[in-house]
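The values are calculated or read from the model by the stated rules, or taken from the named source; none is laboratory data. Remember, predicted model here, so these are calculated numbers, not experimental data. Virtual Cβ from ideal backbone geometry, glycine too; neighbours counted across all protein chains shown. Calculation scope for accessible area: heavy atoms of the full protein, side chains included, ligands and nucleic acids excluded. Shrake-Rupley method; radii C 1.70, N 1.55, O 1.52, S 1.80 Å.
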Amino acid sequence: MKKRVGIFVSGGGSNMRALVEDMDARHPAEPVVVVSNNSDAGGIAWARDAGLATVVVDHRPYGRDRSAFEGAISNALAPFELDMICLAGFMRVLTAGFVTPWRERMLNIHPSLLPKYRGLHTHARALEAGDAEHGCTVHLVTPELDEGPVLGQARVPLQADDTPEELAARVLVQEHRLYPAVLRRFASGDRRPLML
Ligand code: GAR
């Protein structure tokens, strides 16, 4: 039985697209629904065009009540009977109340070589620090932001005159290689970290 995957996006959704496009007939998982907090997310339009189910729950009416927002997502997801969630550029922090029931079954991609640079502006921070290399990490989601066991990393060398935007673009290319490769092996039951 294929694992039923829900993919969460907030923006363009290029990582979501890379995951969906990799989930062919022989893949151990299948994309079932694409979820967003943002009805304008490019990823939602792409998913609709691709014939995938979509769920949009706008976070704004919930204000600071993150658990009510998360409850609305959980209710909307229940009929899809998901086995796994992949966060793919989902820019809302999820609390322990949502994360804990998905423990060991929710993945995230983060644009840094964790444990370096949790949170935002990772590319600028790597450049400011004068690091020799940067990259991206896929990890299991735990209630602590951008923590949790590492399932894979891809490295990108920094160049002398890099801007954060140029670096982000090179990291994104690696994200699109890493995330599908990690999901493929994780969904087949192999949790060994994949280092590209
Ligand atoms: C990606 O670089 C992803 O790693 C990052 O947002 C971008 C989303 O791009 N995620 C985070 O910063 C999570 N905190 P995409 O919508 O094209 O996949």
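In the condition set (1) outside any helix (DSSP H, G or I); (2) at negative phi; (3) touching a residue at least 12 places away in the same chain (Cβ under 8 Å); (4) in contact with a helix residue (DSSP H, G or I) (Cβ under 9 Å, 6 or more places away or on another chain), residue 97 is compliant with all but (1). Only residues that are open to solvent by 30 Å² or more (accessible area, probe 1.4 Å) and either in contact with a helix residue (DSSP H, G or I) (Cβ under 7 Å, 6 or more places away or on another chain) or at negative phi (or both) were counted in the stretch 100-122, giving 11.
You will find that of 120, 82, 178, 127, the residue that is within 16 Å of the ligand (Cβ to nearest atom), closer than 27 Å to residue 3 by Cβ and either modelled with pLDDT of 95 or more or aromatic (Phe, Trp, Tyr) (or both) is 178 and no other.
Matching residues to (1) in contact with a Gly (Cβ under 7 Å, 6 or more places away or on another chain); (2) in a loop (DSSP other than H, G, I, E, B); (3) among the basic types (Lys, Arg):
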{"residue": "74", "(1), (2), (3)": "no, no, no"}
{"residue": "77", "(1), (2), (3)": "yes, no, no"}
{"residue": "86", "(1), (2), (3)": "no, no, no"}
{"residue": "124", "(1), (2), (3)": "no, no, no"}
{"residue": "127", "(1), (2), (3)": "no, no, no"}
{"residue": "130", "(1), (2), (3)": "no, yes, no"}
{"residue": "134", "(1), (2), (3)": "no, no, no"}
{"residue": "148", "(1), (2), (3)": "no, yes, no"}
{"residue": "161", "(1), (2), (3)": "no, yes, no"}
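Among the residues of the stretch 36-58, are any more than 16 Å from the ligand (Cβ to nearest atom) and closer than 19 Å to residue 184 by Cβ? No, the stretch 36-58 has no match at all. For residue 17, the conditions (1) assigned to a loop (DSSP other than H, G, I, E, B); (2) open to solvent by 20 Å² or more (accessible area, probe 1.4 Å) all hold with the exception of (1).
Comparison of 41, 88 shows that the only residue that is in contact (Cβ under 8 Å) with a residue 24 or more places away in the chain and under 19 Å from residue 180 (Cα atoms) is 88.
For the stretch 1-14, a residue qualifies if it is among the aliphatic types (A, V, I, L, M) and crowded, with 16+ Cβ neighbours inside 10 Å, and the qualifying residues are 5, 7, 9.
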